[in-house]
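Contents: one structure, followed by commentary.
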Amino acid sequence: MNTPVVVAENLTRHYDVKGGLFSKGGTVRAVSETSFKLEPGKTLAVVGESGCGKSTLARLITMIEEPTSGTFAIGGDNVTPETWARHRADVQIVFQDPYGSLNPRQRIGSILEEPLKINRPDMPAAEREAKARDMLKLVGLRPEHFDRYPHMFSGGQRQRIAVARALMLEPKVLVLDEPVSALDLSIQSQILNLLVDLQERLGLAYLFISHDLSVVKHMADDIIVMYLGRPVEVGPKAEIFAKPRHPYTKALLSATPMADPKAKKTRIKLEGELPSPLNVPAGCAFAPRCWKVKDKCRAERPTLGDEGHPAACFFPEA
Amino acid sequence: MPLLDIRNLSVDFATASGQFRAVDGVDVSVDTGDILAIVGESGSGKSVSMLAMMGLLPWTATITADVMSFGGQDLRGLSDRQRRKIIGKDMAMIFQEPMSSLNPCFTAGFQIKEALRLHLGLDAKERHAKAVELFEMVGIPAPEDRLKAFPHQLSGGMNQRVMIAMAIACSPKLLIADEPTTALDVTIQAQILDLLTGLQRETGMALILITHDMGVVAETAERVQVQYAGQKVEEQPVGDLFETPHHPYTAALLAALPERATSRKLPTIPGVVPGQFDRPAGCLFSPRCQFADDRCRSTPPAPCGPELGLARCHYPLNAKAEVTA
């Protein structure tokens, strides 16, 4: 087993919402008590629906925001806001929308060189350019693309540029926030292949955030399933897909459409919708939508156990 | 005679840099009780062909078709006033973004009652009763309260239910759903798809589902039509399409699905969809096709027969021995 590059323990992020003229204030519990480890060369996928805290988790790991409580360490070194500057180069992020995440007024070359300009100010310009050109090749773009502007590229090529920019500082961890959900199917597979290829070559650890379970199934080694800010099930990919233990995971898997018209479907129909994170139910957060709910679920919150692969449920599936 | 019959539909847009053909000779035919899925990537003209039929395109668009009839009525050359009598009543459409397709200034109830007033001429009391009934039909809890709610007070899934309730308010013969679940979460998507297919079974209307998600297609549709760069490249019943795709594009698209992957590396389709200025002379897919030869690059192929899924290809795949011989 490799030594993990990132160890996160009980990461929590709450936002205080000020009351307005007509509403009271409150606390949005975006992420609560989430722990995980990221190993080099491995992919940890975070899945869940909108509002489950996956993007907030990405913001914590990339040091865009400070956790309310809990800690995380990169390479054994505890990360606090004072040491952010030192660690930021180790964790880079690729965003969902390749149209919004590149500056339209910058040429590709200067987009790629900018991280080096800021973080390695003593690097000579010639070396910087050489590095940027190498990176362009690594992500499968041609040398003549160096002097072009983002609008001259298609969505898939832009996502390659975004990946290249993230890799300029030789990070250990890449956070991929829905990297392919804005892309067409025929382009999606090109980017997924690129990510697999880069991981093999550079030994990167991926934190892969996605709501598309078929993509997750292809990419992940381990999976965290989140519901309303808390992990409800954690485990290796094969186990989660073959034997989901938490009812929510089971429902999520059954709701995902399969591209096979002959597949037998027993779809679990979930009633209702995600409760507001302002007002999380007292017991198990999933209790109001769960078909196995008992009185105990409404009163107490189940914790992630440690038998099998952990699932936060009092009555897990066998 | 089919309920909706469109033959050789083309749509051109006048852009600053010249004419751009978004839809190129597309045929669509749907009968009462059909569920047809139109699949394609962005820019394949799947939405534009439906918008053209509904008369919802801007004036820059030039629409030509050999036949465009709905329920026996010719849709070409209808005045706006005549068209408005049909759309929203016999033919309804729901869109991808439920949040932005409802008017934020009016309550959900006002917006649904507007359709009832204009098309059915019900009085206020009847309108209210009908609106409550429709909200119950689409599974909106506490319909009396939700009628008074503004779109921003409802979630995405609820707004999409409101849109569906509005669309089925006048019992349309044809419902067009343009990416109805793309903006929604998976568990909500499952609810909405079940609702749409359930309503379709109950009322026997025809349903056209526009989507790019092969999973949604496999689970919902009966017949599938694949579009690429404005052309229909293939049409087959859903089971056959997934089993024996005839057009190389369909085959490549299916192979690129992560869930069909057999190894870490996914099969890819090289290149990108042709744009306004790099439309190839022959088959539109030829620059990206692994089977393309000189004939493909020079001569545009005509659609094959129905036994080959109307594939627009010189060398259709999975052809039976007697056909190729």
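From zero outward in steps of 10 Å, how is the percent of C-alpha pairs of the range A:141-260 spread across the bins?
Cα pair-distance distribution for the range A:141-260, in percent: 11, 39, 32, 14, 4, 0.
Please enumerate, by chain and number, the lysines with C-alpha under 24 Å from the C-alpha of residue B:265, excluding those fewer than 8 residues away in the same chain.
Answer for residue B:265, where 24 Å is the Cα cut-off: A:42, A:137, A:172, A:217, A:237, listed by chain and number.
Count charges around residue B:55 for me, please; just the other residues with Cβ under 9 Å from its Cβ, Lys/Arg as +1, Asp/Glu as -1. Walk me through the numbers on the way to the answer.
Working: positive: B:83, B:84; negative: B:80.
So the surrounding residues net to +1.
Please work out the FRET efficiency for the pair residue A:202 and residue A:21, using the Cβ-Cβ distance as r and a Förster radius of 35 Å; give the result to the nearest 0.05. Don't skip to the end; give the middle numbers.
On the way: r = 53 Å, r/R0 = 1.50.
Rounded to the nearest 0.05, the efficiency is 0.10.
Decide, for the range A:6-299, between rounded, prolate and oblate: order the square roots of the alpha carbon gyration tensor eigenvalues as a ≥ b ≥ c, take rounded if a/c falls under 1.5, and otherwise choose prolate if a/b is larger than b/c, else oblate.
Values: a/c = 2.01, a/b = 1.50, b/c = 1.34.
Prolate, since a/c reaches 1.5 and a/b exceeds b/c.
Given Cα positions, please report Rg to Rh for the range A:233-318, the hydrodynamic radius being the Kirkwood one. If you can, show how the numbers build up before the last one.
Details: Rg = 13.9 Å, Rh = 14.0 Å.
For the range A:233-318, the value is 0.99.
Please report, in whole Å³, the volume per residue of the convex hull around the C-alpha atoms of the protein assembly as shown.
Details: hull volume 122.2 nm³, N = 643.
Spelled out: Cα convex hull of the protein assembly as shown, divided by residues, is 190 Å³.
Tell me the relative contact order for the range A:6-299 as a rounded percent, counting alpha carbon contacts under 8 Å between residues six or more apart. It would help to have the intermediate numbers written out before the result.
On the way: 498 pairs, mean separation 67.9, N = 294.
It comes to 23 percent, rounded to a whole number.
Consider just the alpha-carbon atoms of the range B:210-325 and return their Rg together with their Dmax, both in angstrom.
14.2, 40
Below 13 angstrom from the Cβ of residue B:18, what's the summed charge of the other residues (Lys, Arg +1; Asp, Glu -1)? Present the calculation step by step, with values, prior to reporting the outcome.
Numbers: positive: B:21, B:279; negative: B:12.
Net charge around residue B:18: +1.
Can you give the FRET efficiency to the nearest 0.05 for residue B:76 and residue B:15, using r as the Cβ-Cβ distance and R₀ = 25 Å?
On the way: r = 23 Å, r/R0 = 0.94.
For residue B:76 and residue B:15, the calculated efficiency is 0.60.
Roughly speaking, what % of Cα-Cα pairs in the range A:3-44 are separated by over 15 Å, rounded to a whole number?
On the way: 512 of 861 pairs.
Of all Cα-Cα pairs in the range A:3-44, 59 percent lie more than 15 Å apart.
Between residue A:292 and residue A:279, what is 0.36 nm times their sequence separation minus the Cα-Cα distance? Round to one decimal in nm. Walk me through the numbers on the way to the answer.
Numbers: separation 13, 0.36 × 13 = 4.68 nm, distance 2.19 nm.
Working it through step by step, the gained length comes to 2.5 nm.
If the cut-off is 20 Å between C-alpha atoms, which lysines fall inside it for residue A:269, apart from same-chain ones fewer than 8 positions away?
A:243, A:250, A:292, A:294
Calculate, in whole percent, how much of the Cα-Cα pair population of the range A:79-128 lies beyond 18 Å.
Values: 590 of 1225 pairs.
Percent of Cα pairs beyond 18 Å in the range A:79-128: 48.
Ranked highest first by average number of other Cβ atoms within 10 Å, how do A:244-256, A:138-150, B:187-199 line up?
On the way: A:244-256: 23.2, A:138-150: 15.0, B:187-199: 20.6.
In decreasing order of mean packing, A:244-256, A:138-150, B:187-199 become A:244-256, B:187-199, A:138-150.
Can you give me the distance in nm between label points at residue A:119 and residue B:106, each placed 7 Å from the Cα along the Cα-to-Cβ direction?
5.3
Based on the mean of other Cβ atoms within 10 Å per residue, sort peptides B:174-182, A:69-77, A:121-129 so the most packed one is first. Mind showing how you got there, number by number?
Working: B:174-182: 22.9, A:69-77: 15.3, A:121-129: 10.8.
For the peptides B:174-182, A:69-77, A:121-129, the packing ranking is B:174-182, A:69-77, A:121-129.
What spacing in nm lies between the two simple spin-label points modelled at residue A:262 and residue B:194, each 7 Å away from Cα in the Cβ direction?
2.6
Excluding residues fewer than 8 places away in the same chain, name every one of the lysines whose C-alpha is closer than 21 Å to that of residue B:232.
Reachable lysines: B:46.
Taking 8 Å as the Cα distance limit and 6 or more residues as the minimum spacing, I'd like the relative contact order of the range B:1-144 as a percentage. If you can, show how the numbers build up before the last one.
On the way: 158 pairs, mean separation 30.3, N = 144.
21 percent.
Enumerate the amide H contacts of residue B:38 below 5 Å, restricted to partners 5 or more residues apart or on another chain; note that Pro and chain-start residues carry no placed amide H.
B:209, B:210, B:211, B:225
Could I have the simple spin-label model distance between residue B:126 and residue B:281, label points 7 Å from Cα toward Cβ, reported in nm to one decimal?
Roughly 6.4 nm, to one decimal.
I'd like the orientation of helix B:156-167 relative to chain B: the angle between its Cα long axis and the longest Cα principal axis, in ° from 0 to 90, rounded to 10.
The two axes meet at around 80 degrees.
Relative to the longest principal axis of the C-alpha atoms of chain B, give the angle of the C-alpha long axis of helix B:108-120, reported between 0 and 90° and rounded to the nearest 10°.
Taking the Cα atoms of chain B, the angle to B:108-120 is about 80 degrees.
For the range A:1-156, take N as its residue count and report Rg(C-alpha) divided by 2.2 N^0.38 Å.
On the way: Rg = 19.2 Å, N = 156, 2.2 N^0.38 = 15.0 Å.
So the Cα radius of gyration is 1.28 times the expected 2.2 N^0.38 Å.
So for chain B: antiparallel DSSP bridges make up what percent, rounded to the nearest 5?
Working: 26 of 45 bridges.
Taking every DSSP beta bridge with both residues in chain B, the antiparallel ones total about 60 percent.
Across bins of 5 angstrom width beginning at 0, how are the C-alpha pair distances of the range A:81-226 distributed, in whole percent?
Bin by bin from 0 Å, the calculated values are 2, 9, 20, 22, 21, 14, 8, 3, 1, 0.
Go from 0 up to the bin containing the longest alpha carbon distance in chain B, width 10 Å each, and give me the % of pairs per bin.
5, 24, 32, 24, 11, 3, 0
What does the helix-only formula give at 222 nm for chain A: each DSSP H stretch with n ≥ 4 adding -39500 (n - 2.57), the total divided by the residues, and the result rounded to the nearest 500 deg cm²/dmol?
Details: 10 runs with 96 residues, N = 318.
Rounded to the nearest 500, the figure is -8500 deg cm²/dmol.
Once you keep just the Cα pairs under 8 angstrom separated by 6 or more residues, what percentage relative contact order results for chain B?
After rounding, I find 20 percent.
Here, each number is a calculation from the coordinates, and none is a lab measurement. Since the structure is predicted, the reported quantities are computational estimates derived from the model, not experimental observations. Note: ideal-geometry Cβ built from the backbone for every residue, glycine included; neighbour counts use all protein chains shown.
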